[in-house]
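We did not get these values from a lab; they are worked out from the coordinates using the rules stated. Computed from a prediction, not measured in an experiment: that's the story for all the values here. All Cβ positions, glycine included, derive from the backbone under ideal geometry; neighbour counts span all protein chains shown.
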Amino acid sequence: MFTGENIIQIVSGFLHWAYAQVGISALAGAIDPVISAIVMFGFISVFVMFLVWMERKVSAHMQSRIGPNRVGPFGLLQTVADAIKLTTKEDVKPVNRDKIPYFIAPIVAFVATFMGMVVIPFDKGMVVQDLNVGILYIIAITGFTVIAILTAGWSSNNKFALLGGFRSAAQIISYEVPLVLSVVPIIMITGTLSLSGIVEYQQQAGYWFIFPQIVAFIIFITSATAEANRAPFDIPEAESELIGGFHTEYSGVKFAMFFLGEYIAVVVSSAVAVTLFLGGWLPVAFLGFLHLPGFIWFLIKLVSVIYLVMAFRWTFPRLRVDQLMDFGWKVLIPLSILNILITASVWLLLYGKGAQ
Amino acid sequence: MGIFKYFKDIFSGLWSLLVGLSVTSKYFLNFKAVTTQQYPEERLPLPARSRSMIKLIYDGEKDQFNCVACLMCAKACPNSCIKLEGVRQVDGKRRMTTFKLDFSTCIFCGYCVEACGFDALTFVSEEYENAVYKRGSLLQDEHAMKWVRPAQPIAPEEQKKETVIPAVVGA
């Protein structure tokens, strides 16, 4: 039976044998992370391509259409064709742009979200780097996207791009607060910031945190959708109001980087939701007889949560800016604070002091 | 009361969102709801009386066109896009020899079909891809417009209505 841990052991055993053959065993500590990063990059690129295809299929079938079905089986290679088209496209740049920020912004947008994948545990032991402050790290690193978006909006020298950047800054800063506050009860219960530690706590406790923390789950998913700039919170790139928003002036590979960054943000926030609330790599209770490896369970849950986020996009109309601010500050933040209070009181009553 | 309204609003809002999600999910899971016609592979059959293309009816048994070159269609045509010639045969009956219809000026008004008293011109519904690469290709002669009526019409009533139109228009 292959589990994630076995695969990692086999691969790392093979790699270390290969290092010894070439005579670079001393550098193993430096090469291993690079190889992990490359594997993660390959995985995320293929997965994002699948997600773009899935998004188009989901939206199509929700609107009684078919969606891409010409390139490859079921249109699966449509995204490859799109990627080839984007990379071979002329890179049109505004003349009066601010050159260095204009160049850096898409790179930051991509890297900031991609670095969040580092601490996601796909299976027991199947994680690039199991930081003991994993959640804090993810929240900090994905917060970088606002800098990228603001930089892109500013340096494009375009009023629509600038408006999009400003809106994005207001939105992401507002929704960062409920996002963090919705995670706090789980940290209080488990007493750890490590994502693997939280999954192991759920394994020992025998339940997933979505059951006691359904409010936190709803707040988290809502804020994560807003963080990823996706509809119904896509006011930074509202097509009908701001053309393309902050990426109005970007084309070709740079636009692809923003696009990739947006989808990786969806993957990261969904993966965090799966880890925190849906038990990560743990099997679904009533389907335990299937004996699938942990990372398969993780991917199934991940795709389900991503479907939910996609369903949000193709079901709900976009919020107005003032509605967005109202919703963030008047509904989500009070609710999440209330959730913290109630969780803390209940846990204190049930387990007394020193519940850890 | 304000605090009750606050929570009530949140719950009713959440409920309405769930209702919306259930509607879209229902359509997503119902793959038969797809209405897209994939045109080159799937073609919608047009109604039997749709005016897609004008054809000259060819009688396979007598091995000749029904047209007798009475010129009623050419006179009825508002754009003068029909040119035809006929000849009187040895048995005294007129027969069409050449027939030219310029589809680049034809507006598919149907006056020629109505004016025809010998069941020689008809609209067909099965041929509707009329685009061509050269403008000259739109000038069709009797060989291009030759059409044999199928032995069993798809909709007999519809076909019947078309064949009994009296030729009294425009004279």
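Report the gain in length on full extension from residue A:253 to residue A:20: 0.36 nm times residue separation, minus Cα-Cα distance, nm rounded to one decimal.
80.0 nm
Taking square-rooted eigenvalues a ≥ b ≥ c of the alpha carbon gyration tensor, is segment A:84-186 rounded, prolate or oblate, where a/c under 1.5 means rounded and, failing that, a/b exceeding b/c means prolate? Kindly include the intermediate steps, with their values, before the conclusion.
Working: a/c = 3.22, a/b = 1.62, b/c = 1.99.
Cα axes put segment A:84-186 in the oblate bin.
With each label point set 7 Å from Cα along the Cα-Cβ vector, what nm distance links residue A:28 and residue B:41?
Label-label distance for residue A:28 and residue B:41, simple model: 5.3 nm.
Using a simple spin-label model with points 7 Å from Cα along the Cα→Cβ vector, what separation in nm is obtained for residue B:23 and residue A:351?
Result: 4.3 nm between the two label points.
Of the listed peptides A:302-310, A:220-228, B:32-40, B:19-27, what is their order by residue-averaged count of other C-beta atoms within 10 Å, with the highest listed first?
Averaged packing, sorted descending, gives the order A:220-228, A:302-310, B:19-27, B:32-40.
What order do you get for A:87, A:190 when you list them from fewest to most C-beta neighbours inside 10 Å?
Working: A:87 10, A:190 20.
Starting with the residue having the fewest Cβ neighbours, the order is A:87, A:190.
Order of B:65, A:286 from fewest to most other C-beta atoms within 10 Å?
A:286, B:65
Rounded to the nearest 0.05, what FRET efficiency do residue A:107 and residue A:215 have when you use their Cβ-Cβ distance and R0 = 41 Å? Before the final figure, lay out each step's value.
Working: r = 37 Å, r/R0 = 0.90.
The formula returns an efficiency of 0.65 here.
For peptide A:305-311, how many partner chain Cβ atoms fall within 10 Å of a residue's Cβ, on average?
2
Calculate for chain B the 222 nm mean residue ellipticity that helices alone would give, adding -39,500 (n - 2.57) per DSSP H run of length 4 or more and normalising by residue count, nearest 500 deg cm²/dmol.
Calculated mean residue ellipticity at 222 nm is -8500 deg cm²/dmol.
Counting partner chain Cβ atoms within 10 Å of every residue's Cβ in A:59-66, what's the average?
On the way: counts 2, 3, 9, 8, 7, 9, 4, 6.
Taking the mean over all residues of the peptide, I get 6.
Counting only residues 5 or more places away or on other chains, whose amide H sits under 5 Å from the amide H of residue B:139 once H atoms are built in the peptide plane?
B:103
Pop a pseudo-label 7 angstrom from the Cα along the beta-carbon direction at both residue B:12 and residue A:337 and give the gap in nm to one decimal.
In this crude spin-label approximation the distance works out to 2.6 nm.
From the C-alpha gyration tensor of segment A:57-119, pull out the three semi-axes of the equivalent ellipsoid (sqrt of 5λ each), sorted largest to smallest, in whole Å.
Details: eigenvalues 196, 68, 31 Å².
Value: 31, 18, 12 Å, ordered largest first.
What is the set of long-range amide H partners of residue B:121 at a cut-off below 5 Å, with H atoms built 1.01 Å from backbone N?
Amide H neighbours of residue B:121: B:57.
So what's the Cα pair-distance distribution over segment B:1-117, bin width 10 Å, in %?
Going from the shortest bin to the longest, the percentages are 10, 23, 17, 11, 9, 10, 9, 7, 4, 1, 0.
Classify segment A:94-351: rounded, prolate or oblate, from the alpha-carbon gyration tensor (a ≥ b ≥ c, eigenvalue square roots; a/c under 1.5 rounded; otherwise prolate if a/b is larger than b/c)?
On the way: a/c = 2.13, a/b = 1.64, b/c = 1.30.
It is prolate, given that a/c is not under 1.5 and a/b is the larger ratio.
Once the convex hull of the C-alpha atoms of the protein assembly as shown is built, how many Å³ does it hold per residue, rounded to a whole number?
Dividing the Cα hull volume of the protein assembly as shown by its residue count gives 283 Å³.
FRET efficiency for residue A:85 and residue B:3, Cβ-Cβ distance as r, R0 = 41 Å, nearest 0.05?
Step by step, r from the Cβ atoms, then E = 0.15.
Which of these, A:132, A:69, A:229, has the largest mean-square fluctuation under a Gaussian network model of chain A (Cα springs below 10 Å)?
Taking springs between Cα atoms under 10 Å, the residue moving most is A:69.
Listed highest first by mean packing, meaning other Cβ atoms within 10 Å per residue, what order do A:18-29, B:109-120 come in? Write down the numbers at each step before the final one.
Details: A:18-29: 10.9, B:109-120: 18.9.
The densest-packed peptide leads the list: B:109-120, A:18-29.
Arranged by the count of other C-beta atoms within 10 angstrom, fewest first, what order do A:97, B:88 take?
B:88, A:97
Roughly how crowded by other chains is peptide B:11-24, in terms of the mean Cβ count from those chains within 10 Å of each of its Cβ atoms?
3
Would you please give the FRET efficiency between residue A:41 and residue B:109, computed as 1/(1 + (r/R0)^6) with r the Cβ-Cβ distance and R0 = 51 Å, to the nearest 0.05? Spell out each step's value before the answer.
Details: r = 65 Å, r/R0 = 1.27.
In this case the efficiency is close to 0.20.
Using only the Cα atoms of segment A:1-42, build the gyration tensor, take square roots of its eigenvalues as a ≥ b ≥ c, and label the shape rounded, prolate or oblate: rounded if a/c is under 1.5, else prolate if a/b is larger than b/c, else oblate.
Cα axes put segment A:1-42 in the oblate bin.
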